[in-house]
Each structure stands twice: as C-alpha cells, then as structure tokens.
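The values are calculated or read from the model by the stated rules, or taken from the named source; none is laboratory data. If you're wondering where the values come from, they're calculated on a predicted model, not measured in any experiment. Ideal geometry is used to build each Cβ from the backbone, glycine not excepted, and the neighbour counts take in all protein chains shown. The area values use the complete protein model at the heavy-atom level, side chains included, leaving out ligands, DNA and RNA. Shrake-Rupley method; radii C 1.70, N 1.55, O 1.52, S 1.80 Å.
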Amino acid sequence: MLTLLAGVLLAGVLSGLAGAGLTLLLDVVQHIAMGYQTGTFAEAVLRASPVRRVVAITIGSLVAGLGWWWVRSRRRVPSLAAVVRGPVDGRRLGAVLADALPQVAFVGSGGSVGREGAPRQLAAGSTAWALGGLRLGAGDTRILVA
C-alpha cells in the first residue's frame, strides 16, 4: 500500500513538473514569436503584423519539422499507448522529451496541434521511467502512467 501511495505521489509531482516546465517554455516561445511583453497570446497575435504572424508560424513549423525528422531518424519515438503499456528506460524517455519539444515550438509560434499533447506525453514518459524503480504491479503502473 505504501508503494502504491509513493507511486501516486511520484506520478503527481512528475506530471506537475512536466506541465509547468513545458508551459513556461511555451510562454517563452510565444513571447519571442509575437514579440510582446504583456497581455495574452491572443492579444499579441491580434496586435502583431501579418508579416510577423507568417514568419513566426513558418519558423515554428520549420523548427518542429526538422526536430521531428531529426528525432525519428535516430530513434523510435514511443506512442503514448506504448509508454502506458511498457517500461520506459532513459533512452525512450529522451526520445519522448525530444519529440515533445518541437511541439512546444510549433504551438508557441501559433500552430494548432494542441497545447496539451507535449505535457501529457512528457508526464507519461517521466512517470513510467520513474515508476520502473518501484515494485508496483503492471496494472497499477499502467493506471498511474495513464
């Protein structure tokens, strides 16, 4: 029972850190992409010139495309379902992180693949990796990772 409680706490902390870290990175990318200091991203997009909007999404798309190509040319990136099903070692966790970062660049520059994908992916990967050290049953681990 204590092991399961430790797993729940670990999953919560790692998920929170993944979400908070990627949200901060997203905020930085958005500020750089639209060149604003105050207000919301939506307000900044409305204030930005059409040229800036096109350049921002073009650069974000280029960074994301090259990042995803680079990761996939070197490693197999596990799907979220694969992370839930199986153990995640350091190499697979690195692939998950390297796959999540281009998503942040794309979304922060104005692309719409969904803000929640990268944090969910990193939270699941880091939780699966960390829970590998606990002696939880496979079912409990799958539930916590999911």
Those residues that are open to solvent by 40 Å² or more (accessible area, probe 1.4 Å) and at pLDDT 90 or above, I need them from the range 120-139; list them, please. R120, W129
For the range 132-146, give me each residue that is in contact (Cβ under 8 Å) with a residue 40 or more places away in the chain and of a type outside the set (A, V, I, L, M, F, W, C). G132, R135, D140, T141, R142
Return the pair list, or none, for Cβ contacts closer than 6 Å from residues in the range 87-111 that are within 14 Å of L122 (Cβ to Cβ) to residues that are of a type in the set (F, W, Y), at least 6 apart or on different chains. V88/W129; L93/W129; P102/W68
Output the number of residues of the range 98-121 satisfying the condition of being under 11 Å from the mean Cα position of the chain (by Cα) and farther than 16 Å from D27 by Cβ. 7
Can you list residue pairs whose Cβ atoms sit under 7 Å apart, with the first residue in the range 39-52 being under 17 Å from R115 (Cα atoms) and at pLDDT below 95 and the second being in a helix (DSSP H, G or I) and open to solvent by less than 60 Å² (accessible area, probe 1.4 Å)? Count only pairs 6 or more apart in sequence or on different chains. F41/Q30; F41/M34; V45/M34
